Amino acid sequence: MTKPVIRLHNSKTRRKEDFAPIDDQNVRLYLCGPTVYDRAHLGNARPVVVIDVLYRLLRHVYGADHVTYVRNFTDVDDKINAAAQARKEAGAIETLEELIRQRTEETIGWYHADMDALGALRPTHEPRATDFIGAMISMIEDLIAKGHAYAKEGHVLFRVRSYKDYGALSGRSVDDMIAGARVEVAPFKEDPMDFVLWKPSADDLPGWESPWGRGRPGWHIECSAMSYELLGASFDIHAGGIDLQFPHHENEIAQSCCAHPEGGFANVWLHNEMLQVEGKKMSKSLGNFFTVRDLLDQGIPGEVIRFVFLQTHYGKPMDWTAEKARQAEATLRKWRALVADVEAAPSVAPEVIAALSDDLNTAGAIAALHQMTDPALLKASAALLGLLEDGLGDWASAPEADLSDLAAKLADLRATAMETKDFAPVDALKTALLAAGVEVRMSKAGVELLPGAGFDAAKLEGL
Ligand SMILES: [Zn+2]
C-alpha cells in the first residue's frame, strides 16, 4: 500500500511542502510544552489538540511504533518560584524548595488531567527541564568553545551576531529586531540582542553548580538540549504557537545549529495561530480569560472543546464562542447515538485522510464526517481526529433532558400572568431553570429551553 503524501505548511520556507521524514521508521516531532506554574488556559490547549491530530495522522501513516513525539515541561522559571513564594508568605511551613517541587508536581498533574480530558494522547517523552541540566551545561560549554557564547558576571550569553542566519525563520534582520523588540540592555551583554543561556540563582532559589557558578538555565536552551537528547541533531517537525516564533524559536535554531552544525535541527516548522474568545483577545482584564478546567467545570465536555478547536484550521486565528460549543455538542450527541455499540470499521474513509493530509485540514475532515451514513466508518474515521472514541463519551450517554413539559408549563404560566399581571410565578420558574443551567428564551413565538453550560438535570426535579 502506498503511503498518502502529507503536505504541511512549513514556516521556514513559507510554503506548503510534501512531508518526507528523515527516517520513516522513526518520524520525530517536538512541541514546546508548558511552564508548570498554573492551570493551562484555553489558548495553551490549541497547539496540544492540533499536534495531537498530526501525531495521530503520522501514526496512522507510518505506524504507531514509528513516531516519536516529545513535549517538554519547563519546571524551572521565575513564575514557579513566585507561586511558591506566595504560598510561603501565606504561611506554608514547608521550605521554598519543597513548595516549588509541590507546585510543579501539582501543575503537571493538572496538565495531564486537562489534556487527557481533551482526548490528547500522551507524547512518547515528556522531559522535565530539571532532569536535563547536565545536557544544557554541556551544550553551553560547547557553544562557548565554538565562539557562539561568552560568560560574564555569572551569566552566559549567546552571541547572536555569530550566527548569520539568525532571524531567517521569522524573516527579520537582526537590526530590524533591535529596532522593534524590547531587548534588554545589560552591562554583561556585548550586544543588546544577545540572550541568556545561563544566569545566576539566588541562594534560596533552585540552582545548579556550573563552570559559571551556581545558577540555572535560560528558557530557550531547554528545548535545544532536550530535543537533541531525545530526537537528535536533525529531526522532522517542530511545532508551537506563532507567539513563540520570535524570539523563542529563533533562539532554539541559533543554539542548536551552532552547537550541532552537522545537523539541521527541525526540517519543518509548524505554527498555530492564536485563540480569541467571542471575537476578542482573551485577557484577564477583559474578564474573558479562562482555563480548560474552568470550561470542564462548567459542564462543557472536553470532546466538545476539541471539536470546536478542530473546526478552524490551525493556521487561522480561532474564535471560541458559546454558540459554537452548543452546536458542537449537538453534533457529537447525534454522532455518539449513531455509533453507540458499533465496532469501528477496519479502515478510515479516504476523504478524511485526504483532508488531514492537506496541511491538517481538520474542518474539511469534519465536513466529510458529516456526509457519512455508515456508523462503523464514521467511528473509525472520527478516531483519526480523536473524536467519538470510547472512554471520552460518558458525557453523551446521559440522556438529553426532555425540557418540553417545562417549556409548556412556563408558556402556560406566562399566558396566565398576562391576564392576572402577576409575573411572580413566571419569574420563580425562570430562576429555578437558570439555576439548573437551562437557558430560557422567551419570545412572542413561544418558549424555548436549552440545556447550557453546567446543566444539571437533578435540579429540575420537583419543578
Ligand atoms: Zn521550545
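The values are calculated or read from the model by the stated rules, or taken from the named source; none is laboratory data. As the structure is a prediction and not an experimental result, all values here were calculated from the model. Quick reminder, even Gly has a Cβ in these numbers, built from the backbone with ideal geometry, and neighbours come from all protein chains shown. Remember, those area values only see protein heavy atoms, side chains included, never the ligands or the DNA or RNA. Shrake-Rupley method; radii C 1.70, N 1.55, O 1.52, S 1.80 Å.
Quick notes on this one:
- The chain: relative contact order in percent, alpha carbon pairs under 8 Å with at least 6 residues between: 16
- GluC sites (Glu not before Pro) lying in DSSP loop within the stretch 344-421, provided at most 16 other Cβ fall within 10 Å: Glu389, Glu400
- Rolling a 1.4 Å probe over the protein heavy atoms gives the chain an accessible area of 46 Å² per residue.
- Where N is the number of residues in the stretch 81-226, Cα Rg divided by 2.2 N^0.38 Å: 1.25
- Fully extended contour minus Cα-Cα distance, from Glu448 to Glu419, at 0.36 nm per residue: 8.3 nm
- Normalised contact order of the stretch 404-460, rounded percent, pairs of Cα under 8 Å and 6 or more residues apart: 31
- Shape call, the stretch 167-320: gyration tensor on alpha carbons, a/c limit 1.5: prolate
- DSSP H segments from the chain that extend 27 Å or more along their own axis, Cα-based, with Kyte-Doolittle mean of 0.5 or above: 42-62
- Considering only Ala340, Thr362, Pro350, and ranking their Cα positions along the charge dipole of the stretch 275-397 that arises from unit charges at the beta-carbon of Lys, Arg, Asp and Glu, the one farthest toward the positive end is Thr362.
- Translational diffusion coefficient (Stokes-Einstein; Kirkwood radius from C-alpha pairs) of the stretch 7-272 at 25 °C, 0.890 mPa s, in µm²/s: 127
- Highest average first, the peptides 192-200, 223-231 ordered by how many other beta carbon atoms sit within 10 Å of their residues are 223-231, 192-200.
- The stretch 272-328 pair-distance distribution - Cα-Cα, 10 Å bins, rounded %: 23, 58, 19
- Computed from the Kirkwood radius of its Cα pairs, the Stokes-Einstein diffusion coefficient for the stretch 275-397 at 10 °C and 1.306 mPa s stands at 104 µm²/s.
- Normalised by the number of residues in the stretch 262-381, the mean separation of alpha-carbon contacts (under 8 Å, six or more apart) gives a relative contact order of 25 percent.
- Looking at the stretch 39-99, the GluC sites (Glu not before Pro) that sit in a DSSP loop and have at most 14 other Cβ atoms within 10 Å of their own Cβ are Glu94.
- Cα pair distances of the chain binned at 10 Å [whole percent]: 4, 17, 25, 23, 15, 9, 4, 2, 0
- With at most 13 other Cβ atoms within 10 Å, longest stretch of the chain clear of loop trypsin sites (Lys or Arg not before Pro) (DSSP): 285-420
- Low-density loop positions, GluC sites (Glu not before Pro), the stretch 273-344 - DSSP coil, at most 11 other Cβ in 10 Å: Glu343
- In range of the label at Glu278: residues from the stretch 307-324 whose backbone nitrogen is under 16 Å from the point 7 Å along Cα→Cβ: 319-324
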